[in-house]
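The values are calculated or read from the model by the stated rules, or taken from the named source; none is laboratory data. Predicted, not measured: the structure shown is a model, and the values here were computed from it. Cβ placement follows ideal geometry from the backbone for every residue including glycine, while neighbour counts extend to all protein chains displayed.
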Amino acid sequence: MSAVTVYGPRRNPFVDKVLRALALKKLDARLVEPTSPEDYRRWNPETGLLPVATIEGRRVIDSHRILDALDERWPHPGLVSSDAKVAGSQRRLEEWASQTFYFYWERWLGQRVREVEGGAERARGVLARFGILRGGGDGSTARYASEYAQRLADLANFLGTRPFFYADQISRADLAIAAFLESSSVVSVPEAAAAFEAQPALVEWLARVSQETGSPGG
């Protein structure tokens, strides 16, 4: 029996981040995906947000806390640098990425689903499978494309010449960012794909992350 069970939709970037952390630590885990919106409240009565994980019987909510719990129980390899200053930078970048790129992921995914489903009402159930229980923001792809390109330029600047963010070893910051940038809903947007390809350092970085963790978000 797996020591870790993760509850959440596989294609949600926060779930993907947790799965990448488990892959990096070479831990066997079971993924249980929701089949209806009711599962969200059943698995997380407090907020209805996923992922939730059980780690050797201990229930942990929120992807940040799940990664903390994994490091506490299985400290090698660590998900942050052993240098406290570097670790602080990695955690701050993880938080920045989680807020910044969720904004674009949610809106682009919502827009694509509404186009396919023919309206917001029919799209609601589809979006729920990704972990979005409310409607995404309005606006065209072009409205966000230039902002997204600038955020990628910021990331390339943060990365510099290092193989991973702020260090020579992969960290939770890398896992969080990769989960969003490799999301199928983002890379399917031509403007987003072009902005990413315009940053060769990020392209090479993502290849390194994927080599170590795969693409568990699928």
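Before moving on, here are some points about what is shown:
- Some residue of region 121-142 being part of a helix (DSSP H, G or I), surrounded by 12 or more Cβ atoms within 10 Å (Cβ to Cβ), modelled with pLDDT under 95 and among the charged types (D, E, K, R): yes
Residue-by-condition table, conditions (1) charged (D, E, K, R); (2) closer than 20 Å to E212 by Cα; (3) touching a Gly at 6+ places or on another chain (Cβ under 8 Å); (4) surrounded by fewer than 21 Cβ atoms within 10 Å (Cβ to Cβ):
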site	(1), (2), (3), (4)
S2	no, no, no, yes
F14	no, yes, yes, no
K17	yes, yes, no, no
Y40	no, no, yes, no
L50	no, no, yes, no
S63	no, yes, no, no
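- Single residue of region 188-211 satisfying the filter (among the small types (G, A, S) and surrounded by 13 or more Cβ atoms within 10 Å (Cβ to Cβ)) that is nearest to R20 (Cα to Cα): S210
- Selection of region 1-28 for residues being of a type in the set (K, R) and touching a residue at least 40 places away in the same chain (Cβ under 8 Å) yields R10, R11, K17, R20, K25.
- Considering region 21-31, and only residues there that are over 17 Å from the mean Cα position of the chain (by Cα) and surrounded by fewer than 18 Cβ atoms within 10 Å (Cβ to Cβ), the residue that is modelled with the lowest pLDDT turns out to be D28.
- Some residue of region 153-168 being in contact (Cβ under 8 Å) with a residue 60 or more places away in the chain and within 16 Å of the chain's Cα centre (by Cα): yes
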